[in-house]
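Asker: Below are the structure tokens for one structure; questions will follow.
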Ligand SMILES: Nc1ncnc2c1ncn2[C@@H]1O[C@H](COP(=O)(O)OP(=O)(O)OP(=O)(O)O)[C@@H](O)[C@H]1O
Ligand SMILES: [Mg+2]
């Protein structure tokens, strides 16, 4: 009978990582302090992806506050218009005016449709699909993050509701893990997830979900007149919304390092007390936004790509993220696990019956 008990991570990162794959160099005990307390919370298997010929082209998403032309015009020229206000009405002096409707924002209507077949073809989690290994793996990541968030809340309050997903180098699986984590988190009863694309140079969240990019975080950082909430795109996955990266700017790091970032994050969190922000970010060792965002995050999920991330890169990345005390490591794209035990094998067996 196979072992169906979820495996508890044990030992230090270096001990566990060395068990699974070779960092390519000898471990030096004198430097283990750097990452001693940062355990690998979960291993994510490499999921085969189907050829994408049948996958539909990304559909444009429309935030209801924007006019049709805003999306048909070249992106640079897309105008930002004030949300339409109700026309002024006159009331007889003796009659109190009825309370005004709040300004129209994006959180109305059904939300952008995310193609479930496309999610499956890309090896991503499909909401409502039968439970399998990938679902279980992200459940483990999620539980760990939610548990730590409770601890962080005691000392850091609302900051506990902000999670940064990053990695040392390109292609480690940041967006893959951020999207899957967001879908998994959105299935929680008490959580509203806002997945924020903070990879300004190579935004990929909207495309990964089959949606077109639109106004987003950088636009709101650059122009204080833009209401960040009006850039939020609701989806047809319950409790999952998205915030695109916005228009590219050469000063993205400076904008991100400005005080406005704190204000925007505070506004996003204040808009919904159940909201959890998940930031997808560029590689820590290739661009600075991730280390800047770490100063705002309650937790960092640092993706380590099996057989790719070197020990040196991992140490350097951890050092860059010192703005956040709570760094959790995920070993991604594991194709071999010693002992052959996997989360989700229980469900696989059930399916086979
Ligand atoms: N566990 C996994 N199983 C299967 N495919 C994966 C896995 N993790 C990542 N990938 C694939 O690897 C590729 C790179 O992943 P992804 O784009 O998420 O990396 P990234 O770190 O966000 O890259 P970038 O630094 O360019 O933003 C994608 O095609 C993704 O689907
Ligand atoms: Mg990415």
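No lab work stands behind these numbers, since they all come straight from the coordinates. Not measured: the values here are computed from a predicted model. All Cβ positions, glycine included, derive from the backbone under ideal geometry; neighbour counts span all protein chains shown.
Asker: What do you get for Rg/Rh of the range 166-325 when both radii come from the Cα atoms and Rh is the Kirkwood radius? Don't skip to the answer; put the middle values down first.
Answerer: Values: Rg = 14.9 Å, Rh = 15.8 Å.
On the Cα set of the range 166-325, Rg over Rh gives 0.94.
Asker: Give the dimensionless ratio obtained when the Cα radius of gyration of the range 228-287 is divided by 2.2 N^0.38 Å. Write out the running numbers ahead of the final one.
Answerer: Numbers: Rg = 13.0 Å, N = 60, 2.2 N^0.38 = 10.4 Å.
My calculation over the Cα atoms of the range 228-287 gives 1.25.
Asker: Sort 46, 311 by Cβ crowding within 10 Å, fewest neighbours at the top.
Answerer: 46, 311
Asker: Separate question: Multiply the residue separation of residue 253 and residue 222 by 0.36 nm, subtract the distance between their alpha-carbon atoms, and state the gained length in nm to one decimal.
Answerer: Working: separation 31, 0.36 × 31 = 11.16 nm, distance 1.13 nm.
That works out to 10.0 nm of additional length.
Asker: Next question, about the same structure. Would you mind getting the Kirkwood hydrodynamic radius of the range 231-331 from its Cα pairs, rounded to one decimal in Å?
Answerer: For the range 231-331, inverting the mean 1/r across all distinct Cα pairs yields 15.2 Å.
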